[in-house]
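Have a look at the structure below before the remarks.
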Amino acid sequence: MPTTELVLAHKHPSDRERFREVFEAAKVSGAPFHSVHRIMDARGQERVMTLVGQGRLDPATGEVVELMGYFIDTTLPLAQRAEALAGKHIRAAAAHRGAIEQAKGILTLTHGLTIAETFQLLRAISNQHNVPVRDLAARVVTLGRILPVDEHRRHAVDEFLRNPV
């Protein structure tokens with residue numbers, strides 16, 4: 001039979017205080033409440049639980065005499081959603097990696113920056129103008145294709161390619 005003490009004993013240590021605050025407020029007001037928190041099950045596995053409930057008031061006194069509610073194990077749906085989002089982000093990053101790497105190469109050559117410095121530059125401009133790095137990179141690559149080539153840089157690269165050792 002679940003008791004308050006048993007429920008609190010299974011709460012993830014990081015979530016106990018927040019749950020206690022929700023629980024204490026519900027005991028006083030009886031108003032509907034909800035909480036999403038983690039518990040540690042009997043096997044020591046972390047589970048994500050959603051609790052919805054409300055208090056039952058004594059009609060004569062208006063005091064809370066009982067808290068009732070439901071626990072819903074939302075571990076699997078949350079894990080599935082997180083996995084889907086991670087997959088989406090990984091696919092997006094992979095799809096734009098080539099353009100970002102090309103843009104870094106172009107900026108390295110044209111501005112004399114290191115690869116790390118070029119990414120810092122792209123990220124700073126992205127933040128400053130609220131434009132995703134992938135969009136900036138695509139624009140830099142487009143500019144690299146349409147702008148005239150600096151003959152000095154091209155000659156130096158051609159010489160290197162003729163004799164790379």
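In this structure, is A116 under 23 Å from the mean Cα position of the chain (by Cα) and either of a type outside the set (D, E) or closer than 30 Å to P13 by Cβ (or both)? Give the steps one after another, and end with the answer.
On the way: under 23 Å from the mean Cα position of the chain (by Cα): no; either of a type outside the set (D, E) or closer than 30 Å to P13 by Cβ (or both): yes.
It is false that A116 is under 23 Å from the mean Cα position of the chain (by Cα) and either of a type outside the set (D, E) or closer than 30 Å to P13 by Cβ (or both).
Given the conditions (1) modelled with pLDDT of 95 or more; (2) touching a Ser or Thr at 6+ places or on another chain (Cβ under 9 Å), report the number of the one that Y70 does not fulfil. Every condition holds for Y70 apart from (1).
For beta carbons closer than 7 Å, sequence separation of 6+ or different chains, a first residue in segment 93-106 that is closer than 9 Å to A137 by Cβ and a second that is among the polar types (S, T, N, Q), the qualifying pairs are K104/T118.
Inspect segment 53-71 for any residue being among the charged types (D, E, K, R) and either touching a helix residue (DSSP H, G or I) at 6+ places or on another chain (Cβ under 7 Å) or not assigned by TED's automatic domain parsing to the domain that holds D15 (or both) and give the result as yes or no. No, the conditions are met nowhere in segment 53-71.
A quick yes/no check of all residues on (1) more than 26 Å from the chain's Cα centre (by Cα); (2) touching a residue at least 40 places away in the same chain (Cβ under 8 Å); (3) closer than 13 Å to Q54 by Cβ:
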residue	(1), (2), (3)
V7	yes, no, no
K11	no, no, no
A25	yes, no, yes
R38	no, no, no
D41	no, no, no
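Any residue in segment 66-83 that is of a type in the set (A, V, I, L, M), over 30 Å from H152 (Cβ atoms) and over 30 Å from the mean Cα position of the chain (by Cα)? Yes - at least one qualifying residue is present in segment 66-83.
Assess whether F160 counts as being over 23 Å from A92 (Cα atoms), among the aromatic types (F, W, Y) and either under 27 Å from the mean Cα position of the chain (by Cα) or at pLDDT below 80 (or both).
Details: over 23 Å from A92 (Cα atoms): yes; among the aromatic types (F, W, Y): yes; either under 27 Å from the mean Cα position of the chain (by Cα) or at pLDDT below 80 (or both): yes.
For F160, the condition - over 23 Å from A92 (Cα atoms), among the aromatic types (F, W, Y) and either under 27 Å from the mean Cα position of the chain (by Cα) or at pLDDT below 80 (or both) - is met.
The values are calculated or read from the model by the stated rules, or taken from the named source; none is laboratory data. Fair warning: this is a prediction, and the values are worked out from it, not measured in the lab. No Cβ is skipped: glycine too gets one built from the backbone with ideal geometry, and neighbour counts run over all protein chains shown.
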